1. Using just the alpha carbons, could you tell me how many Å³ per residue the convex hull of region 1-112 encloses?
2. Can you compute the modelled spin-label distance between Leu149 and Ser271, with each label point 7 Å from Cα toward Cβ, in nm?
3. Using alpha carbon coordinates only, what is the Rg to Rh ratio of the chain, with Rh defined as the Kirkwood radius?
4. Quote the Stokes-Einstein diffusion coefficient, in whole µm² s⁻¹, for region 163-293, based on the Kirkwood radius over alpha carbon pairs, a temperature of 37 °C and a viscosity of 0.692 mPa s.
5. Just the Kirkwood number for region 346-399, please: inverse of mean 1/r across all distinct Cα pairs, in Å, one decimal.
6. Ordered by residue, what ³J(HN,Hα) values in Hz, to whole numbers, does region 131-139 give under the Karplus form 6.51 cos²θ - 1.76 cosθ + 1.60, where θ = phi - 60° and Gly and Pro are x?
7. Under Stokes-Einstein, with the Kirkwood radius over Cα pairs standing in for Rh, what whole-number D in µm²/s applies to region 53-140 at 20 °C and 1.002 mPa s?
8. May I ask you to give the solvent-accessible area per residue for the chain, in square angstrom, as obtained with a 1.4 angstrom probe?
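The values are calculated or read from the model by the stated rules, or taken from the named source; none is laboratory data. Since the structure is predicted, the reported quantities are computational estimates derived from the model, not experimental observations. Neighbour counts run over all protein chains shown; Cβ positions are idealised from the backbone, glycine included. Note: areas computed on protein heavy atoms with side chains; ligands, DNA, RNA excluded. Shrake-Rupley method; radii C 1.70, N 1.55, O 1.52, S 1.80 Å.
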Amino acid sequence: MKQKRINGNLLKGKREKFIITLIDGQLVIAGSDRRGTIYGIYELSQQMGVSPWYDWADVPVEHHDSIFVNKGIYTDGEPAVRYRGIFLNDEDWGLTPWASQTFEPERGNIGPRTYAKVCELLLRLKANYLAPAMHPVSSSFNQIPENRLVADTFAIVMGSTHCEPLLLNTASEWDTKTMGPWNYDKNKEGINRVLTQRVRENSPYENVYTLALRGLHDGAMSTTLPMHEKVRMLQQALLDQRRILAENIDRPVETVPQAFTPYKEVLEIYSNGLELPDDITIVWPDDNYGYMKRLSGVREQRRTGRSGVYYHVSYLGVPHSYLWFSTTPPSLMYEELRKAYDTTADRLWLVNCGDLKGSEMQVSLFLDMAWDIGRFTADNVVTYPARWLAGIFGEAYYD
């Protein structure tokens, strides 16, 4: 661009945008930032016949004797949603046994080699965000320092699910014997001390910090307090977590990405008067079966932090679990996510995809819509499964 061979206005000030072009007979891929450049590389790879799922779903790679590139400038624009990613969950069934026994036996668990494959898949799907596996059966992401380096190498923004404050995996990292009870009224200082250490360890990397307070292992708060006291306790916990960010990250706290997901009993607490700083993104959950529980109202639509969605295409819990095969219809996904997007949910989209296998098509659709929801309509979304499968098995099988 310094030699004015590329129009700098095409990329200047853009988010995760790439262009692919020919200059003096040379193929050039340029990005507005590091993820933009990566997306350009993987876009070319996919157009050459490498499926994003070549590894995870054993999709054969097409062979070509020659590759031709059209003249002009190709781009896929900017993403519709800022942070787009997956939450690995219920990894007990497939991901942990496969990683520990087959792919990463030297680690005996999910580790940096496995997360490298996950991060590559995310980039090939034009995603940028990951909430790692959180069950005690697998090693906590942050217990293995190499995991953070892997994510940063792949330019993946790390986060955590709705019940993990400030990247702390309470299900497996909280030790009541050495840390005290997981009870904010009784052990506020102990909890904040551990959270402070986590922020200091992870602050050099790109993160979205979840503000949260639930019971251990995604359980409800273990308290019999009346509702107004629950509001008070959660309010204080969130403000303390925000103070920890302000004191340990060298930038204005309003510019540090923060998310709050009012899931399960937390939604009731939020509805009873919980106040959030304006720049925090409210991530609205579905009902675990694809129907959004709530969307931003008129007042919430004015928030500078805007909103997002926490969506399930896999679920373990009452009254029904669906883990082995994702049954969420594409038309339902489009209808619910479109409504959310139209009411300011353009900041963060996170899909609970279980241990990934069995929900591949829904993950692709979710992330394709997060990149460019304007590309979808109620009419064309119903053909998505056939188009997706034809991209794997061959266009001859589309009909």
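1. In region 1-112, the Cα convex hull volume per residue is 160 Å³.
2. 4.8
3. Ratio value, two decimals: 0.97.
4. After rounding, the answer is 215 µm²/s.
5. About 12.3 Å for region 346-399.
6. 9, x, 4, 10, 7, x, 5, 10, 5
7. This corresponds to a translational diffusion coefficient of 138 µm²/s.
8. It amounts to 45 Å² per residue over the chain.
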